[in-house]
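> Structure in structure tokens, see below.
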Amino acid sequence: MKQTQELFSNEIRLEDKRSMILKYLLIEKYMDSNQSEPLYGIQISKELEQTVETEEVSAISYSKETVVKLMKKLFQYEVTPISMIEIVDDLVTMGI
């Protein structure tokens, strides 16, 4: 079972005056019904005009605090779905 909760969002004005909305969602996922604690992950959604692009890493850590800290970094630097997986991998490897 998977649940998502939006924690952060950015509205970014592009050079051509269009508006892009980035949403950062916390994923809480139980791998099976016997699992007592959830795995946490991140989903980023980008809305630009009529197009929505989404990417997620569904199992980063059992620590909600760690994943929220990571999400704050992604939010702060306006990370988009296209670069999310590589950046999350780098940050986890660095221990952030």
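> Is there any pair with a first residue in segment 81-96 that is within 15 Å of VAL67 (Cβ to Cβ) and a second that is assigned to a helix (DSSP H, G or I) whose Cβ atoms are under 6 Å apart and which are 6 or more apart or on different chains, and what are they?
Close Cβ pairs (under 6 Å, with a partner that is assigned to a helix (DSSP H, G or I)) amount to LEU91/LEU70.
> Looking only at segment 79-96, count every residue that is assigned to a loop (DSSP other than H, G, I, E, B) and under 21 Å from ARG13 (Cα atoms) and tell me the total.
Looking only at that region, the number is 2.
> Check off (1) charged (D, E, K, R); (2) in a strand (DSSP E or B); (3) under 12 Å from the mean Cα position of the chain (by Cα) for GLU47 and give me the number that stays unchecked.
(3)
> Condition check: at pLDDT 95 or above, among the hydrophobic types (A, V, I, L, M, F, W, C) and either surrounded by 19 or more Cβ atoms within 10 Å (Cβ to Cβ) or farther than 15 Å from GLN3 by Cβ (or both). Does ILE85 satisfy that?
Here the answer is no, as ILE85 does not meet what is asked.
> Need the failing condition index for THR54 against (1) in contact with a helix residue (DSSP H, G or I) (Cβ under 8 Å, 6 or more places away or on another chain); (2) within 19 Å of LYS72 (Cβ to Cβ), just the number.
Every listed condition holds for THR54 apart from (2).
> Residues TYR30, TYR24: which one is modelled with pLDDT under 95 and hydroxyl-bearing (Ser, Thr, Tyr)?
TYR30
> Follow-up. Within segment 53-75, track down each residue that is surrounded by fewer than 17 Cβ atoms within 10 Å (Cβ to Cβ), closer than 17 Å to ASP89 by Cβ and in contact (Cβ under 8 Å) with a residue 40 or more places away in the chain.
SER58
> Identify all residues within segment 66-78 that are under 9 Å from the mean Cα position of the chain (by Cα) and closer than 22 Å to LEU14 by Cβ; write none if there are none.
Within segment 66-78, LEU74, PHE75 meet the criteria.
> So, one more: Exactly one of these conditions fails for THR4: (1) of a type in the set (Ser, Thr, Tyr); (2) surrounded by 15 or more Cβ atoms within 10 Å (Cβ to Cβ); (3) modelled with pLDDT of 95 or more. Give me its number.
Among (1) of a type in the set (Ser, Thr, Tyr); (2) surrounded by 15 or more Cβ atoms within 10 Å (Cβ to Cβ); (3) modelled with pLDDT of 95 or more, THR4 violates only (3).
The values are calculated or read from the model by the stated rules, or taken from the named source; none is laboratory data. Since this is a predicted model, take the numbers as computed values, not measurements. So basically every Cβ, Gly included, is an ideal-geometry build from the backbone, and we count neighbours across all protein chains shown.
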